[in-house]
Amino acid sequence: MPFCRGIHHVAIICSDYEQSKHFYTKVLGFEVLCETYRVERQSYKLDLRLGDGTQIELFSFPNPPSRPSQPEAQGLRHLALVVDDLEAAIQHLQNCQVPTESIRLDELTGKRFVFFQDPDQLPIELYEG
């Protein structure tokens, strides 16, 4: 039996804390669990959660290095979020001035998905579940 039973959280370092906080809470709908400013690190840590328990730790640091770019860069490829209605989710993002790529079809599962980016160009996928 595997000793891991799920993913607790994903940590994201942003370049503009207020912009990213707005994006993850107001655009994507994550609930704020806790917001902490750490004086010694000149850093915010924002704990966020979706209804299913999925969590994101959003960090700000002075002068963080840039991400390599694109989903095919080495390292974490992208963050995927499940949605019930892909068209409604895309419309919501567009209403919030967040551009999306064209809808794609997962050839292995037959499910539809779309990519967009957070304020720091982190690739995010919406996967219709």
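Quick one: in the range 1-34, which of the residues that are among the aliphatic types (A, V, I, L, M) and out of contact with any Leu (no Cβ under 9 Å at 6 or more places or on another chain) is surrounded by the fewest Cβ atoms within 10 Å (Cβ to Cβ)?
Within the range 1-34, the match that is surrounded by the fewest Cβ atoms within 10 Å (Cβ to Cβ) is 1.
Scan the range 7-14 and tell me whether some residue there is assigned to a loop (DSSP other than H, G, I, E, B), among the β-branched types (Val, Ile, Thr) and more than 11 Å from the chain's Cα centre (by Cα).
yes
Being part of a helix (DSSP H, G or I) and over 14 Å from the mean Cα position of the chain (by Cα) is the filter here; which residues of the range 18-48 pass it?
18, 39, 40, 41
Which of the strands (runs of 3 or more DSSP E) found entirely inside the range 49-129 contain at least 2 residues meeting this: within 15 Å of residue 12 (Cβ to Cβ), basic (Lys, Arg) and at pLDDT below 90?
Because the criterion is at least 2 residues that are within 15 Å of residue 12 (Cβ to Cβ), basic (Lys, Arg) and at pLDDT below 90, no strands (runs of 3 or more DSSP E) in the range 49-129 meet it.
Can you name the residue in the range 92-129 that is aliphatic (A, V, I, L, M) and surrounded by 13 or more Cβ atoms within 10 Å (Cβ to Cβ) and, of all such residues, is nearest to the chain's Cα centre (by Cα)?
Among those that are aliphatic (A, V, I, L, M) and surrounded by 13 or more Cβ atoms within 10 Å (Cβ to Cβ), it is 124.
So, in the range 103-129, of the ones that are out of contact with any helix residue (DSSP H, G or I) (no Cβ under 8 Å at 6 or more places or on another chain) and of a type in the set (Asp, Glu), which residue ends up nearest to residue 77 (Cα to Cα)?
Among them, the one singled out is 125.
The values are calculated or read from the model by the stated rules, or taken from the named source; none is laboratory data. Since the structure is predicted, the reported quantities are computational estimates derived from the model, not experimental observations. Using ideal geometry, Cβ is built from the backbone for each residue, glycine included, and neighbour counts are taken over all protein chains shown.
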